[in-house]
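Following: one structure in structure tokens, then a few remarks.
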Amino acid sequence: MQSIDELIAQARSAFAAALRPAELENEKARFRRSITERLKTLARLDPDERRIEGARLNGAKQTLEQLLEQRRAELAQAELSSQLALDAIDVSLPGRGRSRGGFHPVIRTWMRVEQIFRSIGFDVADGPEIETDWYNFTALNNPENHPARSMQDTFYVDARDAEGRPLVLRTHTSPMQVRYARQHQGSIRVIAPGRTYRVDSDATHSPMFHQVEGLWLDEDINFADLKGVYTDFVRRFFESEDLQVRFRPSYFPFTEPSAEIDLMFTSGPRKGQWLEISGAGQVHPAVVRNFGFDPERTMGFAFGSGLERLTMLRYGVDDLRAFFAGDLRFLQQFN
């Protein structure tokens, strides 16, 4: 049988030849088996010989463990050195400056809309994006069977209001008109910009998008005021008098009469094209009542515009999805 000294010498050589931790562990198992087999033979020896041979084998086990730990440390250090070499920093390279962020184009539009309407006396209201059925639908004269209440068009959350109705991700920012009007008396002039949610996604629609709703309530506010205010807004927003605005009859449950607002540029790449940009109308008497006002004395107008639509027209963007892709090459064009 191989002597203990030969076994230790062979183990030392095998451990040194192992280049990966897995190879080292395989060699460890092989030499441990050799020690174990020798330990099994101790029972056949005389007591004095058994004591001497046992001490030698235990010493050999300790030596093997020391050799193993030494080689493990060497392999770990080699791995660390290799990784550090890969991650080395070339100090001769020019430094990288810290880049500056900027505003998203839709946020730029949001800020611009706020600035324009604040300049003519409108407040800006903000509120919850998870709404109750009453604020999102009922208060705005949407009947129980209205399509916007179906699962096909609306995101519901796993929670309910005090009446047991499911809470909903708001489908428009109009609920803020209700909340604001019920908290204020007298003349109401307010816009409500913010995020809204609908089950819709293609080149011109997104499941999450931004809207701005506007509301003006007083004793003698009529459709003519709506036309004047909104026409002035788009001309200031696009910084151009070289456009036309038309109000096309339509239907919305929360306004009566209602209209779609179309815009046409009379110069530039979109010259001659009528583009829908907003829905609007006189606030429905039932909605005025839900606001907490007497519809016999108070009237007004409301409108709702998509901020992405305004942004696309202002900057010539053809695909809505570019706003949400997070491509810095696209976003850096606006800063």
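How large is Rg over Rh for segment 117-220, taking Rg from the Cα atoms and Rh as the Kirkwood inverse mean of 1/r across Cα pairs?
Radius of gyration over Kirkwood radius for segment 117-220 works out to 1.00.
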Between segment 83-98 and segment 312-335, the Cα center-to-center distance that results, in Å: 33
Relative frequency of Cα-Cα separations exceeding 34 Å in the chain, percent: 51
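As an exercise, use a Förster radius of 56 Å and the Cβ-Cβ distance of GLU129 and GLN83 to find the FRET efficiency, rounded to the nearest 0.05. Don't skip to the end; give the middle numbers.
On the way: r = 46 Å, r/R0 = 0.82.
For GLU129 and GLN83, the calculated efficiency is 0.75.
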Of the heavy-atom accessible surface of segment 96-217 (probe 1.4 angstrom), what whole percent is carbon and sulfur? 49
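With every protein chain left in place, what is the accessible area per residue of the chain in square angstrom, probe 1.4 Å?
On the way: 19330 Å² over 335 residues.
The answer is 58 Å² per residue.
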Under 23 Å from LYS271, Cα to Cα: lysines that are on another chain or at least 8 residues apart: LYS227
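Scan segment 1-103 for trypsin sites (Lys or Arg not before Pro) in coil per DSSP, keeping those whose Cβ has at most 10 other Cβ atoms within 10 Å, and list them by number.
Working: sites: ARG12, LYS28, ARG30, ARG32, ARG33, ARG38, LYS40, ARG44, ARG50, ARG51, ARG56, LYS61, ARG71, ARG72, ARG96, ARG98, ARG100; in loops: ARG96, ARG98, ARG100.
For trypsin sites (Lys or Arg not before Pro) across segment 1-103 that sit outside H, G, I, E and B with at most 10 neighbouring Cβ atoms in 10 Å, the list reads ARG96, ARG98, ARG100.
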Could you let me know the centre-to-centre spacing of segment 277-307 and segment 117-176, using Cα atoms, in angstrom? 15
Calculate for the chain the 222 nm mean residue ellipticity that helices alone would give, adding -39,500 (n - 2.57) per DSSP H run of length 4 or more and normalising by residue count, nearest 500 deg cm²/dmol. -13000 deg cm²/dmol
How far, in degrees from 0 to 90, does helix 174-183 lean away from the longest principal axis of the Cα atoms of the chain, to the nearest 10? 70
For LYS28, give me every one of the aspartates and glutamates with a C-alpha distance below 15 angstrom, ignoring sequence neighbours fewer than eight places off in its own chain. GLU37, GLU65, GLU69
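The values are calculated or read from the model by the stated rules, or taken from the named source; none is laboratory data. Since this is a predicted model, take the numbers as computed values, not measurements. Backbone-built Cβ (ideal geometry, glycine too); neighbour counts: all protein chains shown. Surface areas here come from the heavy atoms of the whole protein model, side chains and all, with no ligands, DNA or RNA. Shrake-Rupley method; radii C 1.70, N 1.55, O 1.52, S 1.80 Å.
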